[in-house]
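Here the structure comes first, spelled out in structure tokens, and everything after it is commentary.
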Amino acid sequence: MIPEIGQFALIIALLLALTQATLPLIGAWRGNRPWIALAAPAGQAQFIFVTIAFCCLGYSFITNDFSVLNVATNSNSQLPLHYRLAATWGSHEGSLLLWTFMLGLWTVAVSLFSRHLPDDMVARVLSVMGIVSVGFLLFMLLTSNPFATLITQVIDSNIKVDLIIEALEAKGVVRTLAEPNLTTLSGEPASFNAGGEVPIRVVGNDGQVTITYKQFGVNLLFTPVVLDDGKIHMKLAPEVSDLTGFTAAGDPIFTNRKLETVVELRDGQSFAVGGLLSSKTTKLQEQVPWLGQVPVIGTLFRNSSNQKEETELVVIVTPHIVRPTKPSEQLATPFDKTRPANDPEFFVLGQLEVNKDMIRKYETGDGVTGPYGHMLDFKSKDKMLYVKK
């Protein structure tokens, strides 16, 4: 929503810059006082909307909105806050917006501090500055848009699949069902299940009932084989099943979407399988008690609606060849980025986990006014405090 506001603000600023560049100049030529008077308010309004656009771009960098292509290519979530803020004008698109912002600021200064000059002269100066602003804004909107979305630039850009998925999730059009990381030997199968198991009754020929369990949810079965040329031959069989109801006898009913394929990829390449569509239609009816059941008139007290839900399952696989590490080499763990909160952090700050940036702020006393740390009430005979390093 914020990038869309910034895009809209740039369009409004362009319209105001066109007004500033044309009407006051024509008014100064023809001696039209109302048109001359439009120069200052048009320039000031243009500066306001450019400022809104600049703030929206900065907010996108601060909040790691990777649906914006400019943010995805020039920032990442691990950068400190001041680096992400500086990245707002560090790119080509951001620097253009910064120059337009500075030009708008200078336009406001000219309109405020040149009132002792003739109005037609000020109108001509502001019109020339408006022409320059039109050039900057047109160039940004047509060729170097700082608010270009990542979704529309996926084909033409060289961006990792993880960033694309994260951007689509930020837009609310994609939901990640599972993100397993499995390790296996070449030629050995590996499986993954995120869901649960449901007991199913099976009646034998002798009438004896046995209980078996069926898995549902997200299931993944694959068998990789590393070839001589470094390629990875992979047999892939993903399956997604949902428990939709029960029969009259109490047996569960499932809807399945599954496929089986064989691909060959190199280390780090991604492979996507799509086309597994699912469509579900739900009819809802709400009514006022008793009044909704009255013939003819009851229609006024009933509300009927149909909801149609269509989803597509996409399976993305990225294989990597894992090599053993040296005995002295330290491996990455999930606690490198975050660690569980201790009692003060959990009860006082309400944090379940803390990251390195938060820990650094605690240690340096970021945002704390006055002394911080451990306060000791120390008494000694010689009135001196000894510290052992």
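The values are calculated or read from the model by the stated rules, or taken from the named source; none is laboratory data. This one's a predicted model, so the numbers in the text were calculated from it and none came from an experiment. Neighbour counts are summed over all protein chains in view; Cβ atoms, including those assigned to glycine, are modelled from backbone coordinates with ideal geometry. SASA here: full protein model, heavy atoms, side chains in, ligands and nucleic acids out. Shrake-Rupley method; radii C 1.70, N 1.55, O 1.52, S 1.80 Å.
Note on the stretch 191-212: residues that are under 21 Å from GLU239 (Cβ atoms) and either of a type in the set (A, V, I, L, M) or touching a residue at least 40 places away in the same chain (Cβ under 8 Å) (or both) amount to 5. Being of a type in the set (Val, Ile, Thr), open to solvent by less than 80 Å² (accessible area, probe 1.4 Å), at pLDDT below 80 and not in a loop (DSSP other than H, G, I, E, B), is that true of even one residue in the stretch 139-156? Checked the stretch 139-156: at least one residue is of a type in the set (Val, Ile, Thr), open to solvent by less than 80 Å² (accessible area, probe 1.4 Å), at pLDDT below 80 and not in a loop (DSSP other than H, G, I, E, B).
Taking first residues from the stretch 249-272 that are in contact (Cβ under 8 Å) with a residue 60 or more places away in the chain and partners that are of a type outside the set (A, V, I, L, M, F, W, C) and assigned to a loop (DSSP other than H, G, I, E, B), the Cβ contacts under 6 Å between residues at least 6 apart in sequence or on separate chains come to SER270/THR318.
Taking the stretch 71-102 as the range and being touching a helix residue (DSSP H, G or I) at 6+ places or on another chain (Cβ under 6 Å), of a type outside the set (D, E, K, R) and closer than 19 Å to PHE136 by Cα as the test, the residues that pass are THR88, TRP89, SER91, LEU96, LEU97, THR100, PHE101. Among the residues of the stretch 77-106, the one identified as in contact (Cβ under 8 Å) with a residue 40 or more places away in the chain, among the polar types (S, T, N, Q) and not in a loop (DSSP other than H, G, I, E, B) is THR100.
Here's the yes/no breakdown for (1) under 14 Å from the mean Cα position of the chain (by Cα); (2) open to solvent by 40 Å² or more (accessible area, probe 1.4 Å):
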site	(1), (2)
ILE2	yes, yes
GLN7	no, yes
ALA17	no, no
LEU25	no, yes
ALA40	no, no
GLY43	no, no
ALA53	no, no
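In the stretch 331-340 there is at least one residue that is without any contact (Cβ under 8 Å) to a residue 60 or more places away in the chain, over 30 Å from VAL226 (Cβ atoms), assigned to a helix (DSSP H, G or I) and open to solvent by 100 Å² or more (accessible area, probe 1.4 Å).
Return a yes/no flag: does the stretch 59-76 have any residue that is open to solvent by 50 Å² or more (accessible area, probe 1.4 Å), assigned to a loop (DSSP other than H, G, I, E, B) and either among the polar types (S, T, N, Q) or under 13 Å from SER133 (Cα atoms) (or both).
Yes, that holds for at least one residue.
Condition check for GLY268 on (1) closer than 22 Å to VAL314 by Cβ; (2) touching a strand residue (DSSP E or B) at 6+ places or on another chain (Cβ under 6 Å): one failure, at (2).
Looking at SER191, is it under 21 Å from HIS320 (Cβ atoms), at pLDDT 85 or above and in a loop (DSSP other than H, G, I, E, B)? So SER191 does not fit the description; no.
Scanning the stretch 115-131 for residues that are open to solvent by 10 Å² or more (accessible area, probe 1.4 Å) and of a type outside the set (Lys, Arg) yields HIS116, LEU117, PRO118, ASP119, ASP120, MET121, VAL122, VAL125, VAL128, MET129, ILE131.
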